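Reading through the structure tokens given below for one structure.
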Amino acid sequence: MTGESLLPSMAILHRALFAWFNVLIFMILLALRLDQKIQWNYFIVFIPLWLYDNFLLIYIIFNMISHCKNPLNRHIVSLQRKAWYMTIVLVFMCTKILICLKLEAPHWFLPGKVVLAPFWLLLPALTVDIFIHLVLHSRY
């Protein structure tokens, strides 16, 4: 196996490890907070997820910039796809903000429907998007 063929798989491995590490740290902080071992604000407990979302946004933005700078790569479909990915990350960030607000400010009486509304609106759209993507790219 040459070094060139190893690089793409290493990048995927590092991204997966980074994601799992962030989820692990978040789960540990959440368990400590729910067991009342720490009294931190939920916005602080969610920091690993905020970091991961910010890295995703930066990655998508740089991808979009490099897409636009490359004169040979002017396909609007792939640029729309990257904008869709950015929308997904932003909606998930909004959902996390609403969850933290619900947990930190119970006197606001935010109903669960309102808190999870961005997620429940995005879920059917993601399902349709994945189904269309699978149908269009199937080899059978």
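Laboratory data are not the source of any read-out in this text; all were calculated from the coordinates shown. None of these values were measured; they are calculated from a predicted model. A quick note on method: Cβ atoms are made from the backbone with ideal geometry, for glycine too, and the neighbour counts reach across all protein chains shown.
Helices in the chain, meaning DSSP H runs of at least 4 residues, each add -39500 (n - 2.57). Divided by all residues, the mean residue ellipticity at 222 nm is -27000 deg cm²/dmol.
For the chain, the longest principal axis of the Cα atoms and the long axis of helix 47-69 meet at an angle of about 30 degrees. Just one of (i) 62, 32, 24; (ii) 54, 35, 34; (iii) 88, 44, 27 is Cα extents along the principal axes in Å calculated from these coordinates, so which is it? Evaluating Cα extents along the principal axes in Å on these atoms matches (ii). Highest average first, the peptides 11-23, 45-57 ordered by how many other beta carbon atoms sit within 10 Å of their residues are 45-57, 11-23. Here the dipole of the chain is about 220 debye; that uses its Cα centre as origin and unit charges on the Cβ of Lys and Arg (positive) and Asp and Glu (negative). Counting 0.36 nm for each residue step from Phe21 to Ala83 and taking away their Cα separation leaves a gain of 19.7 nm. Between helix 117-136 and the chain there is an angle of about 20 degrees, using the helix long axis and the longest principal axis of the Cα atoms.
Between 0 and 90 degrees, the angle of helix 76-104 with respect to the longest Cα principal axis of the chain falls at about 10 degrees.
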